[in-house]
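Asker: Dumping the structure here so I can ask a few things about it.
The values are calculated or read from the model by the stated rules, or taken from the named source; none is laboratory data. Note that the structure is a prediction, hence the values are computed from the model and not measured. Virtual Cβ from ideal backbone geometry, glycine too; neighbours counted across all protein chains shown.
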Amino acid sequence: MEAMNEESDRVIESELTAAEAVGPVDAPEAERSAAGSDATASADADTPRATANRAANFPASFAAYIGSGWADRPLVAPPLRDQAPFAAARRRRLSEAFPGTRIVVRAGGRKVRSNDTDYPYRADSAFSWLTGWGADTEPDAVLVLEPAGEAHLATLHFRPAAGRDSDEFYANPEIGEFWIGARPTLDQVAAELGLSTAPLADFASRVGELDADTDTELARTLSEFRLVKDEYEVNQMREAVAATATGFDDIVADLPRIQQHARGERVVEGIFYTRARTEGNAVGYDTIAASGPHACILHWTRNDGPVVPGDLILIDAGVELPSLYTADITRTLPVDGRFTPTQRMVYEAVREAADAAFAIVQPGIRFSEIHDTAMAVIARKTAEWGLLPVTAEEAVSPENQQHRRYMVHGTSHHLGIDVHDCAKARRELYREGVLEPGMVFTIEPGLYFQPDDLTVPEELRGIGVRIEDDILVTADGAENLSAAIPRTADEVEAWIARHAGA
């Protein structure tokens, strides 16, 4: 493996040869990695939940029997992951920002859904960004940057694979191999991530350290560092968008079946989830499948309504990759394949707002200008339709904003390893920040006419439209990463017709 600690690096990384990263899981403790053994891992884990009143006892004779007769599992060092050099560069940047200070960034633990069942585990974004460990992160792992001269020594602590010399592998449903699968060894993870590793039991907090869970400045810095994506991150965003595009195509292809189910919205959700799980890690956020008046509810995730011909369905969904990078795309479709004249009028107004916002994106403008540009179109359209008590020019003034009755959300948010990335960045670097090449964000204007809104004509009530694309700032402008997913009203109708005729 190529060495990671060149003289120019700020963070000193481990150098593991393939030979050093090989060894049987079940070797005696003395033969294991010098970083430490996990022979007593079950003692380090939390006591299993809610099993004492139903678990069968394991007699000593059984323990002796199940602990023997297992073949050694020789381990070959896995290759260095593509993201490892990029993660190392991020750690060096963090080291430079906090010289001489011990830094702790935690992956976080499992979250209880009910009793002794957990939500699917997802590591903290800052932790994954710094380590390159994504969907396969071990819960409760901790990254420590220890001051070492003018740099830091990076060590990744986690609960490594246990041998068959403890009862953990069969008796502990929280972390046992028979229950949830085998954990990687210290050497395996070190080889994949290019990081020194150590048992979680070796980690202890110290006075004076900065912990990203509790230190506001550290958390903010980690968020702001992600405003500009590196080459690896941009490639991940392209892959996430491509997988998401396929998921949207799956939905359009299955519109006839979707309409036949009493809870067609949930069928939409299930179709997209299948694609997300087969081509990625999961969905990047709860899918919004909002048909008819549900499209007027911005974060409708109950998804329990029918999908009725003649209505529009607003679908807001994104595939999250194993690296944890996610797309975030919205399309609004006519369920029966054709927009009504009123639906088309609203849809094309939203598209005009999106196109106007995209047209101004280039390095040097302020992030807030994107929203202002989209909202100027929304104000003009709603004024033309006679919905505003003032002119469009008067509506966009800061003291008025009447047009926002029909679009209360913002037009854009940063996107990456979080669907709402860089959330702890300062306002002056986020909303008022200046665009730079490598930034990735959404453009997602909409119009939402609530079913009970007496300020709009009856034919508009219950119509909700949003068009959302994922945008990359380039050296001389911008690229719409999701432009291949049909956007115009004509393109959307042709898309549906193409599948209907298949």
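Asker: Tell me which residues, restricted to the stretch 430-459, are more than 21 Å from the chain's Cα centre (by Cα) and among the small types (Gly, Ala, Ser).
Answerer: Across the stretch 430-459, the qualifying residues are Gly433, Gly446.
Asker: Hey, another quick one. Look through Ala475, Ala494 and report the one residue that is under 25 Å from Ser368 (Cα atoms), surrounded by fewer than 16 Cβ atoms within 10 Å (Cβ to Cβ), of a type in the set (A, V, I, L, M) and assigned by TED's automatic domain parsing to the domain that holds Val319.
Answerer: It is Ala475.
Asker: If you take just the helices (runs of 4 or more DSSP H) that sit entirely in the stretch 135-244, which of them hold at least 3 residues that are touching a helix residue (DSSP H, G or I) at 6+ places or on another chain (Cβ under 6 Å) and either of a type outside the set (Gly, Ala, Ser) or buried (at least 24 other Cβ atoms within 10 Å of the Cβ) (or both)?
Answerer: 168-171
Asker: When you check Thr287 against the structure, is it closer than 30 Å to Gly132 by Cβ, surrounded by 16 or more Cβ atoms within 10 Å (Cβ to Cβ), of a type in the set (Val, Ile, Thr) and in contact (Cβ under 8 Å) with a residue 60 or more places away in the chain, yes or no?
Answerer: Against the criterion (closer than 30 Å to Gly132 by Cβ, surrounded by 16 or more Cβ atoms within 10 Å (Cβ to Cβ), of a type in the set (Val, Ile, Thr) and in contact (Cβ under 8 Å) with a residue 60 or more places away in the chain), Thr287 does not qualify.
Asker: Kindly evaluate Val377 against the criterion of being β-branched (Val, Ile, Thr) and assigned to a helix (DSSP H, G or I).
Answerer: Yes.
Asker: Would you mind telling me which numbered condition in (1) among the small types (Gly, Ala, Ser); (2) touching a residue at least 40 places away in the same chain (Cβ under 8 Å); (3) over 21 Å from Asp469 (Cβ atoms); (4) not in a loop (DSSP other than H, G, I, E, B) Ala383 fails?
Answerer: It is condition (2) that Ala383 fails.
Asker: Here is a list: Gly438, Gly433, Gly416. Which entry is under 30 Å from Ser223 (Cβ atoms), surrounded by 23 or more Cβ atoms within 10 Å (Cβ to Cβ), at pLDDT 95 or above and assigned by TED's automatic domain parsing to the domain that holds Thr342?
Answerer: Gly416
Asker: Ok, one more. If you go through the stretch 341-361 one residue at a time, do you hit one that is farther than 28 Å from Arg461 by Cβ, in contact (Cβ under 8 Å) with a residue 24 or more places away in the chain and either not assigned by TED's automatic domain parsing to the domain that holds Ile467 or not polar (S, T, N, Q) (or both)?
Answerer: Scanning the stretch 341-361, I find at least one residue that is farther than 28 Å from Arg461 by Cβ, in contact (Cβ under 8 Å) with a residue 24 or more places away in the chain and either not assigned by TED's automatic domain parsing to the domain that holds Ile467 or not polar (S, T, N, Q) (or both), so the answer is yes.
Asker: Of the residues Ala354, Ala276, which is part of a helix (DSSP H, G or I), more than 23 Å from the chain's Cα centre (by Cα) and buried (at least 17 other Cβ atoms within 10 Å of the Cβ)?
Answerer: Result of the check over Ala354, Ala276: Ala354.
Asker: Further, regarding this structure: Is the stretch 386-402 home to any residue that is touching a residue at least 40 places away in the same chain (Cβ under 8 Å), in the same structural domain as Glu459 (by TED's automatic domain parsing) and either within 30 Å of Thr455 (Cβ to Cβ) or aromatic (Phe, Trp, Tyr) (or both)?
Answerer: Yes, some residue in the stretch 386-402 is touching a residue at least 40 places away in the same chain (Cβ under 8 Å), in the same structural domain as Glu459 (by TED's automatic domain parsing) and either within 30 Å of Thr455 (Cβ to Cβ) or aromatic (Phe, Trp, Tyr) (or both).
Asker: Here's a follow-up. Filter the stretch 75-113 down to the residues that are hydroxyl-bearing (Ser, Thr, Tyr) and either at positive phi or not in a loop (DSSP other than H, G, I, E, B) (or both) and list them by number.
Answerer: Matches in the stretch 75-113: Ser95 only.
Asker: Here is a follow-up. Could you check how many residues of the stretch 316-350 are buried (at least 22 other Cβ atoms within 10 Å of the Cβ) and either under 30 Å from Ala126 (Cβ atoms) or not hydrophobic (A, V, I, L, M, F, W, C) (or both)?
Answerer: Number satisfying all stated conditions: 17.
Asker: Let me ask you something else. Considering the stretch 456-499 alone, what residues qualify as being within 30 Å of Leu388 (Cα to Cα) and of a type outside the set (A, V, I, L, M, F, W, C)?
Answerer: Of everything in the stretch 456-499, those that are within 30 Å of Leu388 (Cα to Cα) and of a type outside the set (A, V, I, L, M, F, W, C) turn out to be Pro457, Glu458, Glu459, Arg461, Gly462, Gly464, Arg466, Glu468, Asp469, Arg487, Thr488, Asp490.
Asker: Among the residues of the stretch 430-458, count how many are more than 20 Å from Leu298 (Cα to Cα) and among the charged types (D, E, K, R).
Answerer: 4
Asker: If only one of Ile370, Ile365, Ile378 is hydrophobic (A, V, I, L, M, F, W, C) and surrounded by fewer than 17 Cβ atoms within 10 Å (Cβ to Cβ), which one is it?
Answerer: Checking each option against the conditions leaves just Ile365.
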